[in-house]
1. Report, by chain and number, residues whose modeled amide H sits under 5 Å from the one on Gly94, excluding near sequence neighbours (fewer than 5 apart, same chain).
2. How big is the charge dipole of the chain about its Cα centre, in debye rounded to the nearest 20, if each Lys and Arg gets +1 on its Cβ and each Asp and Glu gets -1 on its Cβ?
3. Share of antiparallel DSSP beta bridges in the chain, in percent to the nearest 5?
4. If amide hydrogens are placed 1.01 Å from N in the peptide plane, which non-local residues have theirs closer than 5 Å to the one on Thr234?
5. For Ala125 and Arg78, FRET efficiency with R0 = 35 Å and r from the beta-carbon atoms, rounded to 0.05?
6. Quick check: residue separation of Ser139 and Ala71 times 0.36 nm, minus the Cα distance between them. What number comes out in nm?
7. Based only on Cα atoms, what mean projected area does the convex hull of the chain have, in nm²?
8. Sum -39500 (n - 2.57) across every DSSP H segment of at least 4 residues in the chain, then divide by the residue count to get the 222 nm mean residue ellipticity, nearest 500.
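The values are calculated or read from the model by the stated rules, or taken from the named source; none is laboratory data. Computed from a predicted model, the values in this text were never measured in an experiment. With ideal geometry, Cβ positions are generated from the backbone for all residues, glycine too; neighbour counts draw on all protein chains shown. Accessible surface is based on the protein model in full, side chains and every heavy atom, while ligands, DNA and RNA are left aside. Shrake-Rupley method; radii C 1.70, N 1.55, O 1.52, S 1.80 Å.
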Amino acid sequence: MTDPLVSTEWLAERLGSADVQIVDGTWYMPGDGDGRATYEQGHIPGAVFFDIDEIADRSTGLPHMLPVAEAFAEAAGRLGLSRDATVVVYDAHGIFSAPRVWWTLRAMGFPDVRVLDGGLKKWRAEGRPLEDGGTEPPSTVLESVQDQSLVRDLAAVRNLLGRREAQLVDARPAARFLGEAPEPRPGLRPGHMPGASNVPAGGLVNPDGTLKSAAELRAAFEAAGVILDQPIVTTCGSGVTAATLALALARLGREDVAVYDGSWAEWGGRQDTEVVTGA
């Protein structure tokens, strides 16, 4: 198993390599910041900015849903991305939104995608080089590819819950999962899906922004009752931190974990879905 993360040392040694492409996937919760502005104020040299909200299905009211494969290929081509390169994704928080881009690229047929462990937070702390402004790489032409095995929609999640054919693991903080705290997006019911387990994504990241060790990750999932050798689908508020769980599980050798793209923004916003509160 190849670790889905790379270190800042690893990336620093390969800056400027034609075989490595760098993607800034910084994203903030609504009202908390502007990812593109953060990128333009200082990013890893050569990085292009991947806007989670723009490279998305704009025909739905749900936030940053995966676009169709053709639209994604066009957008990724404008960023100059290539499936022949190792693509390294990072964000300004450490590990927060980069896993969503990591998962998106994998779902769209990119075979070698990694996340920078500690992200820009660690890179800055180590005094490594930065550049500001934008980056305009030569565009590429990409084939439209999508790996549906890494994605679950509403119908699939309903089906798996009814048949108990996969474990659903929710990345939201415990208070939101239990229905004791309101959702940040208005109009969503509190609580969680019946039978779901809770592994808060924030608890899987160290203070320096790096992902916890494989042993610590394993312990966190097992403490929540997750059976690691059985099928798993991850979910969260809007499909961002669900990808952090998928990344953590990939570190444990589970590269096949799917993400429920609509997550609670979809499930909790409907009246025809079952919602549970409490433990």
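1. Here Leu120, Lys121 satisfy the definition.
2. 720
3. 10
4. Amide H to amide H, under 5 Å and 5 or more residues apart or across chains, Thr234 pairs with Val169, Ala258, Val259, Tyr260.
5. 0.65
6. Value of the extension gain: 23.0 nm.
7. 13.8
8. -8000 deg cm²/dmol
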